[in-house]
Amino acid sequence: MSELESEYRLDYFAENGFERQTCSSCGARFWSRTERETCGEPPCEDYGFIDDPGFENAYSLVEMREEFLSFFEEHDHERVPPAPVAANRWRDDVLLTQASIYDFQPHVTSGQSPPPANPLVVSQPCIRMQDIDNVGKTGRHTMAFEMGGHHAFNADEGTDYAYEGEVYWKDQCVEYCEQFFASMGVPREEITFIEDPWVGGGNAGPAFEVIYKGLELATLVFMMLEQDPDGEYEMKDGNTYSEMDRRVVDTGYGIERWTWMSQGTPTVYEAIYPESIEYLKGEAGIDLTEEEADLVHRASKLAGHMDIDEAEDMEAARDTIADRLDVPVSRLEELMEPLEAIYAIADHARCLAYMFGDEIVPSNVGTGYLARMVLRRTKRLVDDVGIDVPLEDLVDREADRLGYENRETIRDIVRTEERKYQETLERGGRKVRQLADEHAQAGTPIPTEKLLELYDSHGIQPSMVADIAEERGAEVNEPDDFYSLVAARHDSEEALEAEHEEADRADELPDTEQLYYEDQDRMEFEAVVLDVLEREEGYDVALDQTMFYPKGGGQPADHGTLVSEDGSVEVTDVQMRDGVILHRTEESPGKGEFVTGQIDAERRRRLMAHHTATHIVGAAARRVLGEHVRQAGAQKGVDSSRLDVNHYDRVSREEVKEIERVANEMVTDNTPIRQEWPGRHEAEAEHGFDLYQGGIPPGENIRLIHVGDDVQACGGTHVSRTGDVGAIKILNTEPVQDGVERFVFAAGEAAVEATQRTEDALYEAAETFDVNPQEVPDAAERFFIEWKERGKTIEDLTEQLAAARAGGGENAEEVDIDGTTAVIQRIDADADELQATANALVDDGKVAVVGSGIDESAQIVVGVPEGVDVDAGEVIGVLARKVGGGGGGPPDFAQGGGPDVGALDEALAEAPDVLREQLE
RNA sequence: GGGCUCAUAGCUCAGUGGUAGAGUGCCUCCUUUGCAAGGAGGAUGCCCGGGGUUCGAAUCCCCGUGAGUCCA
């Protein structure tokens, strides 16, 4: 096993008098120009820059970013624009951008694609959700931040990567870093480089944490190893790694920390959000006396000197701090808590501006869910400190500051989300108040189970339950491990079906030549059958070339026939497998045969029209609903297709009509549809990551489809002009999940057919109503109202009829039961009528036993007036058994029945006896 | 993508298999006319849709639809 140690012995260090040293406190290895006792990082050493800035000049965040970028620009790096914070736009393994190197993963770091420049420098907005609890409290964590990175991509000579040669490596990187520190006026002797091997995502390498005055200001990572079971390096994750033939310089400079260092404020927030904090303090009505301000300042400074990595550390530290300042902890908390909230609000507002500025749409899934969480948390903080400003204003301030152009949409999204949350809170509040009242009355505490349900199913925080419970005088038991109990509710074992592909002869075959991109209107071709694989159902035929489009990108496979001299076989499915296209047939065309392939042209035309229409509908929706609209999924079909897009609200009927209008306008424009195969990075540079709406294709070159102004990476087949789509009819919109709206539409002939189906339904309804189709809505309404009125009339009449019957109808048998009159009657009517009749008899002071024998079942109702000692429930039980069923009800009114209609009369005849028995 | 909760009068919600309810709002009348006042009476319901179980379903089961929420 080799050690990484030698990798840290840089020539640069040797030439400049650095010594490798060991921290006497934590044992870490580090490099420095002077001899030092410790590594310089807390807890081994305190912050040395609070109230004593470490740079010559103070910088704002914007100035610091510019300082960083221009320094490296002047030192041969090319400045590149940052990527969105929504990293899932260009890679599917993460949700949010957490580092500048994310911009170049996976294709550049893997060597598949060239970087936009080499070397380059970027300041990348990042979001780390894992720090959400620490923000505001620790004084040093932010969820939203900018990572400055200077990157170089190196590869050995003779490799076939998208870049080649040595740009710069460790020595040069450390030198740049030191020079940048020096340009800030930092004495080089005060910097330490701590050895800290880096591992992540299958790669690894040596790395330095760069520490100055106790603060880690940069990390220099040298990615040079890849995971390899036979590798010679064993890293801290327990895996073995071997050297690669390419090397990536990955650095990260926390722009916020550099700004903080330059100002020496007690917390990082005061350095990076001074205006926001002043504004928020004003809105919250926080106005500290000089003495209080001084106390807060000294407390923050003390906290700065302590090793606080988590919010809990801060809570633990508070006692010590209060003690040292000689004030009660409660007083310190009273002063600090509102400030902590304000710091967090400033950070969260920036985080939301990043998210919505980069067009994340709130949702119950993915990045949208994260955005919702942050927004709701912000709302709670704002309410807690009593800031009476709409969230949209707070987020907009940041969006403005960050220079986003879609500010109106951002406002719209935030307003919609805040309203939704408000509604959730109100709904929840009512629920909790009711629950609290019940428990206050019963004198029992609200059980944990209820708390879990309120949170998990209704989104109500336990703290909110506690507040309301206190108001209502109920107790709450909130367990410490509340959130792990929530997690436990969710841990149902999900059987992950690993789809492992079996080794197959098809893997050995050469890639099939794809003819379908060459001329998308051609439907016939010739080919040689390379192999025929027998499957459980039918055969998979591999050809040397094909025009059959395999299933993919939401477009179903082509159908058709393969014709050889011996006959023809039907192609029912086509799949691509590692570049080999397999045609599913019922019979074998014979290996080695020459065949003529014939595509089912009608099917293909319809699919192409729908595929192009999908792009058009997407573009139209984008134009009507906003720039944030992008594809979240799509499925093309022969009769209709669907397109799912991100949007933060339901789509109204008016908007649908407008989208349909715009879409058809694009059809009428009859613009040609272009395809091209540019390099990935060129395509991204020109069109941005919105290219990847239908998924992220592999490979160095990607296929772009231009439909009007809309450009997408797409592997599907398209018509040649928008006019060929014919017509587009949006059939329906439905929400597939929160923040995602589905458009179901039809194109071309299918659109006409769909319209005809709808018309048929209308005509049929019109015929039934015997009116013109235009009059159907009015007629339907009229009939519905009339129908309801008739229902009421029938009810009235039923009661009148019942009253009349009670006066002595036919079939009525009156018997005397111990001084009370009982009426036994068979009326063969529905349940409502039976009940009404029984009621009417009871109102006359008579015991009622009424039966009915329609509809395959016998029904009996027994009513007993007040003061008569007969249990109707018992009576019905006996009588209903006689008709083979059962029954029950309260003592004064019971009903029952059974399937044996024939036995009804017999049962009624026995009723007097049953009643008498009951009396005894 | 998965889990959970919910759907009943215009609104907010009760209703655990047996005659659909309350508060509020609405209408009429009375009292008072000084503010969201008091009193009396009244009208309001495809109990989300479709199947099933049952003598009987708002209620139990299944499938939809819609809303909410938590987790990855």
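Before moving on, here are some points about what is shown:
- Between the listed residues A:V744, A:I794, A:A804, the Cα displaced farthest toward the positive end of the dipole of the range A:711-826, a dipole computed from Cβ unit charges relative to the Cα centre, is found at A:V744.
- Going from the fewest other Cβ atoms within 10 Å to the most, the residues A:V870, A:V744, A:V861, A:V385 appear in the order A:V744, A:V385, A:V870, A:V861.
- Degrees between helix A:462-472 axis and first principal axis of chain A (Cα, 0 to 90, nearest 10): 50 degrees
- Net +/- balance of residues flanking A:E684 in space, Cβ distance below 13 Å, scoring K and R +1, D and E -1: -2
- Each label point was placed 7 Å from the Cα along the Cα-to-Cβ direction; for A:H458 and A:Y763 their separation is 5.3 nm.
- Virtual paramagnetic centre 7 Å along Cα→Cβ of A:D228, amide N under 18 Å, in the range A:182-219: A:198-206
- Placed amide H near A:R703: partners under 5 Å, 5+ positions off or other chain: A:C714
- Placing R0 at 45 angstrom, the Cβ-Cβ distance between A:E676 and A:V94 gives a FRET efficiency of 0.95 after rounding to 0.05.
- Beta-bridge orientation, the range A:818-867: approximately 50 percent antiparallel, per DSSP, counting only bridges with both partners inside.
- Mean projected area in nm² (Cα convex hull; one quarter of hull surface) for the range A:729-876: 16.2 nm²
- Gyration tensor verdict on the range A:61-137 (Cα atoms; rounded if a/c is under 1.5, prolate if a/b is larger than b/c, oblate otherwise): oblate
- Cβ-to-Cβ counts within 10 Å put A:H439, A:H611 in ascending order as A:H439, A:H611, the fewest first.
- The residue list A:I132, A:V122, A:Y176 was ranked by how far each Cα lies along the charge dipole of the range A:121-199 toward its positive end, using unit charges on Cβ atoms, and A:I132 comes out on top.
- Size of charge dipole - the range A:660-718 - debye, nearest 20, with Cβ of Lys, Arg +1 and Asp, Glu -1, no other charges: 200 debye
- In whole angstrom, the range A:6-75 maps to an equivalent ellipsoid with semi-axes of 28, 20, 10, each derived as √(5λ) from the alpha carbon gyration tensor and ordered largest first.
- Environment charge at A:D480 (Cβ cut-off 14 Å; Lys +1, Arg +1, Asp -1, Glu -1): -4
- Here chain A is treated with +1 on each Lys and Arg Cβ and -1 on each Asp and Glu Cβ, and its dipole about the Cα centre works out to around 1880 debye.
- Pairs from the list A:K379/A:K636; A:K213/A:K236; A:K420/A:K551; A:K281/A:K450; A:K137/A:K213 with a Cα-Cα gap above 31 Å: A:K379/A:K636; A:K420/A:K551; A:K281/A:K450.
- Sites matching trypsin sites (Lys or Arg not before Pro) across the range A:705-744 that sit in DSSP coil, with at most 16 neighbouring C-beta atoms within 10 Å: none
- When you restrict to C-alpha pairs under 8 Å that are six or more residues apart and normalise by the size of chain A, the relative contact order lands at 7 percent.
- Per-residue [θ]222 nm for chain A (sum of -39500 (n - 2.57) over DSSP H runs n ≥ 4, rounded to 500): -13000 deg cm²/dmol
- Cβ-placed point charges (K, R +1; D, E -1), dipole of the range A:266-310 about Cα centre in debye, nearest 20: 80 debye
- Distance between the range A:128-155 and the range A:64-84 - C-alpha centres, whole angstrom: 18 Å
- Inverse of mean 1/r across different Cα pairs in chain A, Kirkwood, Å: 34.7 Å
- Compactness index (Cα Rg / 2.2 N^0.38 Å), the range A:285-337: 1.09
- Convex hull volume of the C-alpha atoms in the range A:130-179, normalised per residue: 134 Å³.
- Along its first, second and third principal axes, ordered by size, the range A:295-418 spans 50, 28, 24 Å in Cα coordinates.
- The distance separating the Cα centre of the range A:107-124 from that of the range A:267-305 comes to 40 Å.
- Long-range tail of P(r) for the range A:562-646 (Cα pairs > 14 Å, %): 73 percent
- Part-to-part distance (alpha-carbon centres) for the range A:570-584 and the range A:159-211, which is given in Å: 49 Å
- Globularity index of the range A:812-920, i.e. its alpha-carbon radius of gyration over 2.2 N^0.38 Å: 0.92
- 19 Å reach of a label modelled at A:V752, 7 Å along Cα-to-Cβ, counting backbone N of the range A:714-738: A:719-731
- Residue among A:L451, A:A466, A:A353 farthest towards the positive dipole end of the range A:325-470, charges placed on Cβ: A:L451
- For the range A:509-601, the spherically averaged projection of the C-alpha convex hull amounts to 5.5 nm².
- Note on A:E910 and A:R419: with the Förster distance fixed at 56 Å, the Cβ-Cβ geometry gives a FRET efficiency of about 0.30.
- To the nearest ten degrees, helix A:311-325 and the longest principal axis of the Cα atoms of chain A are 70 degrees apart.
- Footprinting exposure proxy ranking of A:H610, A:H458, fewest other C-beta atoms within 10 angstrom first, gives A:H458, A:H610.
- Gain on full extension, evaluated as 0.36 nm per residue between A:A182 and A:D544 minus their Cα-Cα distance, stands at 124.0 nm.
- Electrostatic tally near A:T671: other residues with Cβ closer than 12 Å to its Cβ, Lys and Arg +1, Asp and Glu -1, net -3.
- If you plug the beta carbon distance of A:R9 and A:A487 into 1/(1 + (r/R0)^6) with R0 = 56 Å, you get a FRET efficiency near 0.75.
Values in this text are rule-based calculations from the coordinates and carry no lab data. Note that the structure is predicted; figures quoted are calculated from it, not measured. Note: ideal-geometry Cβ built from the backbone for every residue, glycine included; neighbour counts use all protein chains shown.
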